[in-house]
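See structure below.
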Number of protein chains: 2
Amino acid sequence: MNGAQALIRTLVDSGVEVCFSNPGTSEMHFVAALDTVPNMRGVLGLAEGAVTGAADGYARIAGKPAATLLHLGPGLGNGLANLHNARRAHTPIVNVVGDHATYHKAYDAPLESDIEAVAGSLTGWVRRCSSTADVGADAAAAVAASQDAPGRVATLILPADVSWSDGGQPCAPVPPRRAKPVADTTVKAVAELLRTGEPVALLIGGAACRERGLRATSRIAAATGAKPFVETFPARLERGAGVPVVERLGYLAEQVAHQLEGSRHVVVAGTRPPVSFFAYPGKASDLVPEGAQVHTLAGVEEDVVAALEELAELVAPGTEAVVSQAHRPELPTGALTPQNWVQVIGASLPDGAIISDEANTSGLLLPGATAGAPRHDVLTLTGGAIGQGIPVATGAAIAAPDRPVVNLESDGSALYTISALWTQARENLNVTTVLLNNRAYAILRMELQRVGAEGSGPKAKELLDLSGPDLDFVKIAEGMGVPASRAATAEELAQQFARAVAEPGPHLIEAMVPPLL
Amino acid sequence: MNGAQALIRTLVDSGVEVCFSNPGTSEMHFVAALDTVPNMRGVLGLAEGAVTGAADGYARIAGKPAATLLHLGPGLGNGLANLHNARRAHTPIVNVVGDHATYHKAYDAPLESDIEAVAGSLTGWVRRCSSTADVGADAAAAVAASQDAPGRVATLILPADVSWSDGGQPCAPVPPRRAKPVADTTVKAVAELLRTGEPVALLIGGAACRERGLRATSRIAAATGAKPFVETFPARLERGAGVPVVERLGYLAEQVAHQLEGSRHVVVAGTRPPVSFFAYPGKASDLVPEGAQVHTLAGVEEDVVAALEELAELVAPGTEAVVSQAHRPELPTGALTPQNWVQVIGASLPDGAIISDEANTSGLLLPGATAGAPRHDVLTLTGGAIGQGIPVATGAAIAAPDRPVVNLESDGSALYTISALWTQARENLNVTTVLLNNRAYAILRMELQRVGAEGSGPKAKELLDLSGPDLDFVKIAEGMGVPASRAATAEELAQQFARAVAEPGPHLIEAMVPPLL
C-alpha cells in the first residue's frame, strides 16, 4: 500500500467520505489511489476557491469534515479566501496540499513555494508528512485536529514521494478534543447577573445558533428580559416556523449601537464581544456600549449549548421558548425591488431548505421575510471574504442530497468562484441560485460614503460599477452547464423559483434587482 | 494631502501609471484618491487573480511596474498564484494590500489575517506602512524594490488609517539596484571553455531572451558550435522573422535529456541550471547530463545581455547571428487537430503581436509554426500556476494598446481567472483569445501515466475530465461582454481569427481541438 492509499483509507476510517479536489501532477498518485479505496468520493472543482468553499459548506451541514486536494502553494493560495471563511466559521476541514517530492524541493523548481507560511496564516494546524510509514498517523491526527472544538482547518502537506512510495499503513481514528464544559460557578454568576434586573444583552454564537441553543436562549430572554442576539455572521443558523427567533446583530456599527443601546452588560456565549467589521474614521471599533460590562458565559472552545441550557434551568425553569409561528408573505407583484424579492423567497422557500447567503446588501431585508417560512438553515459569510456563496451551496448540497439548497448570491461576489456552478451541474446537485444583479459593488458605494472618503469622482465610481459591459449571468451559467433564466418581475421570479426548486439538478435565476441604497 | 493621495502621487512620480484594482472597504480612501491624482489609471478586475496577472502582463511588456490594489489577506490569497508566476518571471510589481486601521487590528475583526505571512511566501520585499508621514517614502522604496535587478514583487501593506489620515508627503523616485556587471574574468573563462571545442550547451534566460541577447547567443553558437537554448518558461521571448531562433528547453525531462545529450558543459546565462518541473519516481530532478560541468556566465541578478555581447566579441567577432527567415505555413483545411490549429496561427499572426501562451499541451507544436511569422513576443507560464493566460493578455494589452494581443488559452486553465475577459471588454482591449477546448485536463492525463500512478480507474478519470457537462466558452465569454464564436475546422478558425484581429476590442474563439496525447 502506498502513502496515498494509506492516507485515503485512514480518512475513510475516520469518517471523511468526500474529497473536493483540484489536483495537479504532484497529486496524481492520490488521484489514482481514490479508485483503490471504496467510500471516498472525489468531487472535481475547476478552481481552488470552489474546492475549499465546498469543503466548508459540506462540513457546516454534515457536521464532520471533508478533505480537499490542492496543488502546491499556488493551489493553496487560490483556495485561501474560502479557507479564511472556514476558519472564521470554525469549520473542520482536512486540507490536503500536495507538494514536490522531498528530494525535489532543493531544486527550487518553478512551482516551489513556502506552503507552510501560507497555511500558517490560517492559524489552524499544519503538518508536513515526512515519511510514508507515518502518513496514516498524520492523516488520523489531521482529522482529529480539524474536529478539536470548536473546529478548524487542519492542513496536511503531502510530498509526492511520500504519496507514491510503498509502506503506508492506515491508522485508526484519533478522538478529537471535545468542547470544554463551562464551570458551574460561571453559569451561576451569569444567573446572578440576570436576576439583578439590570439591562443585559445576551450574544450567542457558534453551536448555540442551532435549535437547542436558540431554545435555551429564548427561554432565558423570556424569563429575565435579557435582549438576545445571534452573532453577525453565524456559520449555521437554524430558522423558520417552530424555531425560536433570535435577531442577528447587524453588520453596520450604527445598527449594533441601536441594538445594544441601553445595555449595561453584554453576556457572550460561544462567540466574542462585538467589534466593527471595518474601522471608520472617528468611530469606535469596539461595539460594546460605553460603560457596559462584558461577561463570558462560554468561550468559543467551550460547550456553549450545555452552558445555555444550565443557565436556562437556573433562571427560566418553567419558561417556554418563544418560537416563530408559521406565516409567509403574500406573493408580491410588479418589477423586482430590494423589498419584494425577499418576499418571493419567504413565500416560496421549500421545507427543509439550506440557504447559502451571499446576497450582501440585496439581502438586508431577507430575515423578516423568511422568519415564518418552513424550518431552514442559513449559512452566512463568516469571514467576509466574498466568493463563498456558490461553493458553500455546492458542498452543502453534497452533504444533504435530500434537502433543497438555495444560494442567494450577488453579482459582485459571484465572479470570484463562478466555476463552482459547473461542479453543481456535474454532480447534478439540487441547488437553486438566485443571483441578485444590481450591476454594482453596491456595498462599496455605501462604504465609500461611510468611511468619509472625499474627492471621489469618475475614476472611483468606475471601480465600483459592474456595468459597461453588463454581466449576463444567464449565459455564464448556461456556459457552465447550469440551466438559467432571468427575472425582472416578482411574478417571473416566483414562477422560475418554483420550477427550479421542483426540477432536479441545479438552476440559476438572474434576478434584476436595483440597489437598495 | 492624505496618505492615499501621497502614495498615488509618489507612484506616478516614480513612473507607475496603472493600478489594477479589486478594492474593498479598507481601500476606499485609496479609490477616492485616484480622482485627485492625474496620470494614474485605475483598472477594475472582478477577482484578484485577474488583477495580479494583469499587473504581471503589463510589466512584462511595459518594462516597468504597475500597482495592484488588493483587499486584505483574502484578496492577497486570491491573487497569490499569479503573483507566484510574476515572482518566477522576475516581474516588477508594486503590490498594494489594504489592511484594517492600525488600531482596529487588535479586535481581530472577521477579515483580520496574517498578511505578512502570505506576502512573505513570495520571497520578495514586504513593508507595512506605519505612518502617514512616511507613506510617500514607503511607496518610493516599493517602486525601487520592485525594479531591483532582476525585478520582483514588492508588497506594501497599507492600513486604512494610514491611508485616510492627513499629513502625507509625496516622495521623489528612488533609483533601483541595477543588474551587476559580470566580471571580465568570468567572461574570459567561458570564452576559453568554448575555444576548447568540447560539447557545450548554452542556456539563456531572463533579459537574454530579448533580441540583443538572442543575437549575441546566436553569434556565439554559430562561431563555436555551442548548442544554444532558451530557458523552458521565459517571461518574454522575442521571436519571428528577423529574430535569431533559439530553441526552448523542453517541459518534459525526456525532451531535455534529448536536447542536452552529449553536452560535457552547460553554461547558464541569466537563468539557473535545468531542473525537472516535477519529480517522477526513479527519474532525476537535476537535468544536467551526468558528468557534465555547469558554468555560470551570468546569474539572474547580473547583466546577462552585456555578458553575452562581451562573450560574442571574444569568440565570434566576425560572425553574424542566424536569424529566422520570413515564412508562414499554408492555411490548412479540415477538422481542427493539434497539428493544424498552430498552422492557422502561424499563417495568420499579425505583425507585432504579443502572444500570451497558456495553450499547455495543445500548444506543443506552436513554436515551429510561428518561427517565421512576423516579429512577436511570447509571454509564457513562468511559475506553472495555471490561470495566467487571460490576465496576462489583459495587462499586456493595456501596456501596448497599439499591438495586437493573442491569448492562446486552454479549457483547463481558463476557469481560474475567467473574469479577466470582462476587464478586456470594459477597457476595450485588442485581445483575441483562442481557447483550445479539448474537454480535459489533458496534461494531467499524460502526467498520470508519466508518474506511474497505478490503479487509476473511473474516479481518477473523472477528476481529469472536463466534459459532463461540457463547458461552453462562447456563452461564458458573451456573458462577460466579449464577442465570441466557435471553430471546429481550420477554415473556421482562420476566418474567425482574421476577423477578431481586424475588429477593435476583445474576441474569443473557442477552438474545438482534440487532445494531442
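The values are calculated or read from the model by the stated rules, or taken from the named source; none is laboratory data. For clarity, every value in this text was computed on a predicted model and none was experimentally measured. Cβ: placed from backbone, ideal geometry, glycine included. Neighbour counts: every protein chain shown. Surface accessibility is based on the protein's heavy atoms, side chains included, excluding ligands, DNA and RNA. Shrake-Rupley method; radii C 1.70, N 1.55, O 1.52, S 1.80 Å.
Scanning region B:448-463 for residues that are surrounded by fewer than 21 Cβ atoms within 10 Å (Cβ to Cβ), in a helix (DSSP H, G or I) and either touching a Phe, Trp or Tyr at 6+ places or on another chain (Cβ under 9 Å) or not assigned by TED's automatic domain parsing to the domain that holds B:THR489 (or both) yields a total of 1. Looking only at region A:483-517, residues that are open to solvent by 10 Å² or more (accessible area, probe 1.4 Å), touching a helix residue (DSSP H, G or I) at 6+ places or on another chain (Cβ under 7 Å) and acidic (Asp, Glu) come to 0 in all.
Just one of (1) within 14 Å of A:VAL294 (Cα to Cα); (2) in a helix (DSSP H, G or I) fails for A:GLU198. It is (2). Of the residues contained in region A:139-154, one or more are found to be in a strand (DSSP E or B) and at pLDDT 95 or above. The set of residues in region B:248-277 that are among the small types (Gly, Ala, Ser), buried (at least 22 other Cβ atoms within 10 Å of the Cβ) and not in a loop (DSSP other than H, G, I, E, B) contains only B:ALA269.
Just to be sure, is B:GLY98 assigned by TED's automatic domain parsing to the domain that holds B:GLU27, within 23 Å of B:PRO65 (Cα to Cα), surrounded by fewer than 24 Cβ atoms within 10 Å (Cβ to Cβ) and touching a strand residue (DSSP E or B) at 6+ places or on another chain (Cβ under 8 Å)? No; evaluated as a whole, the condition is false for this residue. Taken over region A:34-64, residues that are among the aliphatic types (A, V, I, L, M), in contact with a strand residue (DSSP E or B) (Cβ under 7 Å, 6 or more places away or on another chain) and farther than 17 Å from B:ILE443 by Cβ amount to 8. The condition of being assigned to a helix (DSSP H, G or I) and open to solvent by less than 10 Å² (accessible area, probe 1.4 Å) holds for only one of B:LEU46, B:LEU11, that being B:LEU11.
Among the residues of region A:414-447, which ones are assigned to a helix (DSSP H, G or I), out of contact with any Gly (no Cβ under 6 Å at 6 or more places or on another chain) and among the small types (Gly, Ala, Ser)? The answer is A:ALA414, A:ALA420, A:ALA442. Please note which strands (runs of 3 or more DSSP E) are completely contained in region A:278-388 and include at least 2 residues that are of a type outside the set (A, V, I, L, M, F, W, C) and open to solvent by 60 Å² or more (accessible area, probe 1.4 Å). Qualifying strands (runs of 3 or more DSSP E): A:293-298. Could you check, for region B:62-80, whether at least one of its residues is within 12 Å of chain A (Cβ to nearest Cβ), in a strand (DSSP E or B) and in contact (Cβ under 8 Å) with a residue 60 or more places away in the chain? No - not one qualifying residue is present in region B:62-80. The one condition from (1) more than 10 Å from every other protein chain (Cβ to nearest Cβ); (2) at positive phi that B:GLY452 does not meet is (1). Residues that are open to solvent by 10 Å² or more (accessible area, probe 1.4 Å) and either touching a Pro at 6+ places or on another chain (Cβ under 6 Å) or assigned to a helix (DSSP H, G or I) (or both) within region A:204-217 comprise A:GLY206, A:ALA207, A:GLU211, A:ARG212, A:ARG215, listed in sequence order.
Restricting region A:218-235 to residues that are open to solvent by 30 Å² or more (accessible area, probe 1.4 Å) and either more than 14 Å from chain B (Cβ to nearest Cβ) or touching a helix residue (DSSP H, G or I) at 6+ places or on another chain (Cβ under 7 Å) (or both), the residue that is nearest to A:GLN147 (Cα to Cα) is A:PRO228. Taking (1) touching a residue at least 60 places away in the same chain (Cβ under 8 Å); (2) of a type outside the set (S, T, N, Q); (3) under 20 Å from B:ALA393 (Cβ atoms) in turn, B:ALA484 satisfies each apart from (1).
Scan A:ALA397, A:ALA440, A:ALA425 and give me the residue that is under 20 Å from A:ALA498 (Cα atoms), more than 11 Å from chain B (Cβ to nearest Cβ) and among the small types (Gly, Ala, Ser).
The match here is A:ALA397.
Residues of region B:101-122 that are surrounded by fewer than 21 Cβ atoms within 10 Å (Cβ to Cβ) and under 30 Å from the mean Cα position of the chain (by Cα): B:ASP114, B:GLU116, B:ALA117, B:GLY120.
For beta carbons closer than 8 Å, sequence separation of 6+ or different chains, a first residue in region A:112-130 that is more than 8 Å from chain B (Cβ to nearest Cβ) and a second that is among the β-branched types (Val, Ile, Thr) and surrounded by fewer than 18 Cβ atoms within 10 Å (Cβ to Cβ), the qualifying pairs are A:SER130/A:THR102. Of all residues in region B:82-107, those that are at the interface with another protein chain (Cβ under 8 Å from one of its Cβ atoms) and touching a residue at least 24 places away in the same chain (Cβ under 8 Å) have Cβ atoms under 9 Å from Cβ atoms of residues that are surrounded by fewer than 24 Cβ atoms within 10 Å (Cβ to Cβ) and not in a loop (DSSP other than H, G, I, E, B), 6 or more apart or on another chain, in B:HIS100/B:TYR107; B:HIS100/B:ASP161; B:ALA101/B:ASP161; B:TYR103/B:ASP161; B:HIS104/A:VAL275; B:HIS104/B:ASP161.
B:CYS171 falls short on exactly one of the conditions (1) in a helix (DSSP H, G or I); (2) surrounded by fewer than 24 Cβ atoms within 10 Å (Cβ to Cβ), and that condition is (1). Hey, among A:GLY468, A:GLY505, which residue is under 11 Å from A:THR432 (Cβ atoms), within 14 Å of chain B (Cβ to nearest Cβ) and either in contact (Cβ under 8 Å) with a residue 12 or more places away in the chain or assigned to a loop (DSSP other than H, G, I, E, B) (or both)? Step by step, each of A:GLY468, A:GLY505 is checked, and only A:GLY505 is under 11 Å from A:THR432 (Cβ atoms), within 14 Å of chain B (Cβ to nearest Cβ) and either in contact (Cβ under 8 Å) with a residue 12 or more places away in the chain or assigned to a loop (DSSP other than H, G, I, E, B) (or both). Given the criteria within 14 Å of chain B (Cβ to nearest Cβ), touching a residue at least 40 places away in the same chain (Cβ under 8 Å), of a type in the set (Ser, Thr, Tyr) and outside any loop (DSSP other than H, G, I, E, B), does A:SER163 qualify? Judged against the criteria, A:SER163 is a match.
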